[in-house]
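See below for the structure under consideration.
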Amino acid sequence: MRRRWMSAVAVTVAGLLSLTACGGGGDGKSAGDGQAAKKQVEVFSWWTGPGEADGLKAMREIFEKRNPGLTFFDAAVAGGSGDKARALLSSKLQANQPPDTFQGHAGAELQGYIKAGKLEPLNALYDELKLKEVFPQQLVDQITYKGNVYSVPVNIHRSNVLWFNPKVLKDAGVAAPPKTIEEFITALEAVKRTKKIPLSIGSEWTVVHLLESVLLGSLGTDAYNALWTPGADWSAPALTKALGDFKTILSYAGPAQDDWQPASKQVADGAAAFNVMGDWAYGYFHNPPDGGLGKKSKEDFDWVASPGTDGTFMWLSDSFTLPKGAPNRDGALAWLKVAASKEGQDAFNPKKGSIPARKDADKALYTDYLEWDLAQWANGKLAGSIQHGVVANDAWKTAITEAVGLFLQSKDVAKLQQALVQAAQTNNQ
Ligand code: GAL
């Protein structure tokens, strides 16, 4: 395979979970377990919003059909990208009150939970369901530690997508969507002249999300991937240039929206031209009203690789875990079996706007954007997402988020770079 996975998943002891590793009870019962509590399965995620909740609902329906004796308890905490959910999860884990299962990104984020001793290995489940045969080996590597495998990946998402409104581009005289950072800046300037919002953004995490696409597009794939290897030079002039590009691009952003959905909606509604967002935006644009916006692909919205990143798939993967001390361990395993199954993944992913982690999924279900996505995944180079837990663990990511937050006030590229150098020195060992 010509896959280029981040072999070195940057792992340091995550600040998030650096309190006492509890070791958990592991007896599968919580204090005061009644019959009803035993039957309930608490599934912790951040999929509450439009688009996201549709996918979860599809998988939940299969779970309920397969397990009439169990009740699905949706413990989702609102907030795109899960920063809020993970803060609450952290305090639950520290208090040894885990949910039965929780969502964790494959890569550095998951390795943080593993190293803090919060998760049970899932080797027996992998053997029973022969899961090593159906997930790409490189993905299994990202959720493995010392020979044990610790989560069930349900999907692959792409982070580096430039969503755009074709009509807004046309009205601005932009003949084709931008392929490079320079073309992107020219197009943003053209849209600005029409008084539409050139680039929509949401809350702070969406700006970190934008940053990862700009770094990849400006530095190139190999230099981006090298940033996550020990001793990488974050003070290099190429990074100064990339951060300058980020500053220029951000100067075209409209007012920050509450989260990713309202920012993406500005594009679908024709209020804004561009939005850099992961492909969960596709589920939101495309799903019928209720969960989604019911918009027409290629007419109301369209997409290309984010500028400068064509041929590279910046990936992330949602996976589910078995925390040590899960009150309903058997119920959690029943959920993991659905999450691992072809039926579960093929119900979840077309709604979620992602492609299945399983290699044997039914390709006919993945049409339109998702067909493109599958082809890109099969043929592209790979890079790992920052914001969504692949390359930087929670402590490092928090430091990057803080640096970006300060930059939004100061607009000082030198200070941003200095803070990123510092963040790497502290965390990239
Ligand atoms: C990511 C997550 C996706 C999607 C997105 C926006 O971190 O992996 O599944 O939910 O956040 O909320």
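Summarising the label geometry, the points placed 7 Å from Cα in the beta-carbon direction at Trp377 and Ala223 lie 3.0 nm from one another. Assuming charge only on the beta carbon of Lys and Arg (+1) and of Asp and Glu (-1), the dipole of the chain about its Cα centre is about 180 debye to the nearest 20. Once the Cα atoms are used to define both axes, helix 342-352 deviates from the longest principal axis of the chain by about 30 degrees. The reciprocal of the average 1/r between distinct C-alpha atoms defines the Kirkwood hydrodynamic radius, which for the stretch 108-193 equals 16.6 Å.
Once the Cα atoms are used to define both axes, helix 181-193 deviates from the longest principal axis of the chain by about 70 degrees. In a reduced charge model with +1 at each Lys and Arg Cβ and -1 at each Asp and Glu Cβ, the stretch 148-288 shows a dipole moment near 480 debye about its Cα centre. Here the stretch 316-377 has 52 percent of its accessible surface on carbon and sulfur atoms, given a 1.4 Å probe and all protein chains in place. Solvent exposure of the stretch 214-287 amounts to 31 Å² per residue of accessible area, where only protein heavy atoms count and the probe is 1.4 Å.
Across all C-alpha atoms in the chain, the radius of gyration and Dmax reach 20.9, 66 Å. Each residue of the stretch 382-399 is assigned a 3J(HN,Hα), and the resulting list reads 10, 9, x, 6, 7, 4, 10, x, 7, 9, 10, 6, 4, 5, 5, 4, 4, 5 Hz, derived from the Karplus form 6.51 cos²θ - 1.76 cosθ + 1.60 (θ = phi - 60°), x at Gly and Pro. Taking the Cα centre of the stretch 227-271 as reference, the dipole from Cβ charges on Lys and Arg (+1) and Asp and Glu (-1) amounts to some 140 debye. Placing a label point 7 Å from the Cα of Lys39 along the Cα-to-Cβ direction, the residues of the stretch 50-80 with a backbone N closer than 20 Å are 60-75. A simple packing score, the average count of other Cβ atoms within 10 Å per residue, orders the peptides 256-263, 155-162 as 155-162, 256-263, with the highest score first.
Here's the picture: charge each Lys and Arg Cβ at +1 and each Asp and Glu Cβ at -1 in the chain, and of Ala268, Ala58, Ser341 the one pushed furthest to the positive end of that dipole is Ser341.
Computed with a 1.4 Å probe over protein heavy atoms only, the accessible surface of the stretch 80-211 comes to 36 Å² per residue. Among Pro327, Pro121, Pro288, the largest mean-square fluctuation in a Gaussian network model of the chain (Cα springs under 10 Å) belongs to Pro288. GNM remark for the chain: springs join alpha carbons under 10 Å apart, and the peak mean-square fluctuation among Val390, Val154, Val134 falls on Val134. The alpha carbon centroids of the stretch 142-166 and the stretch 91-123 are separated by 16 Å.
Listed by chain and number, the lysines whose C-alpha is less than 16 Å from the C-alpha of Lys115, apart from same-chain residues fewer than 8 away, are Lys146, Lys324.
Among DSSP beta bridges lying fully in the chain, give the percent that are antiparallel, nearest 5.
In the chain, approximately 55 percent of DSSP beta bridges are antiparallel ones.
Between the stretch 186-205 and the stretch 289-335, the alpha-carbon centres lie 25 Å apart. Counting Lys and Arg as +1 and Asp and Glu as -1 over every other residue whose Cβ lies under 14 Å from the Cβ of Asp394, the net charge comes to +2.
Surface exposure of the stretch 366-413, expressed per residue as accessible area with a 1.4 Å probe, stands at 33 Å². The local environment of Ser159, defined by Cβ-Cβ distances under 13 Å, has a net charge of -3 under the rule Lys, Arg +1 and Asp, Glu -1. Leaving ligands, DNA and RNA out of it, report the carbon-plus-sulfur percent of the accessible area of the stretch 262-306 at a 1.4 Å probe. The value for the stretch 262-306 is 47 percent carbon and sulfur by accessible area. Within the shell defined by Cβ-Cβ distances under 12 Å, the residues around Leu293 carry a net charge of -1, with Lys and Arg each +1 and Asp and Glu each -1. Over the residues of the chain, the helix contribution to mean residue ellipticity at 222 nm works out to -13000 deg cm²/dmol, using -39500 (n - 2.57) for each DSSP H run of at least 4.
Ordering Glu128, Glu120, Glu64 by how much accessible area each has at a 1.4 Å probe, largest first, what is the list? Provide the component values of the computation, followed by the final result.
Details: Glu128 110, Glu120 30, Glu64 70 Å².
Listed by decreasing accessible area, they come as Glu128, Glu64, Glu120.
If you roll a 1.4 angstrom probe over the protein chains with everything in place, what fraction of the accessible area of the stretch 79-125 belongs to carbon and sulfur, to the nearest %? The nonpolar share, carbon plus sulfur, comes to 51 percent.
With a Förster radius of 22 Å applied to the beta-carbon distance between Glu128 and Glu64, the computed FRET efficiency rounds to 0.50.
With a threshold of 21 Å on the Cα-Cα distance, the over-threshold entries among Lys170/Lys381; Lys296/Lys381; Lys170/Lys296; Lys241/Lys265; Lys298/Lys351; Lys179/Lys359 are Lys170/Lys381; Lys296/Lys381; Lys241/Lys265; Lys179/Lys359.
Ordering Ala361, Ala395, Trp377 by Cα displacement along the dipole of the stretch 307-429 toward the positive end leaves Ala395 in first place; charges were set at the Cβ atoms of Lys, Arg (+1) and Asp, Glu (-1). With the alpha-carbon atoms of the stretch 71-122 aligned to their principal axes, the span from lowest to highest coordinate is 26, 25, 21 Å, starting with the largest. Modelled spin labels at Lys415 and Thr48, positioned 7 Å past Cα toward Cβ, are 3.3 nm from each other.
The values are calculated or read from the model by the stated rules, or taken from the named source; none is laboratory data. Quick caveat, the model's predicted, so the values are computed rather than measured. Don't worry about glycine lacking a Cβ; one is built from the backbone with ideal geometry, like all the others, and counts go over all protein chains shown. To get the accessible areas, we keep the full protein, side chains included, count just its heavy atoms, and leave off ligands, DNA and RNA. Shrake-Rupley method; radii C 1.70, N 1.55, O 1.52, S 1.80 Å.
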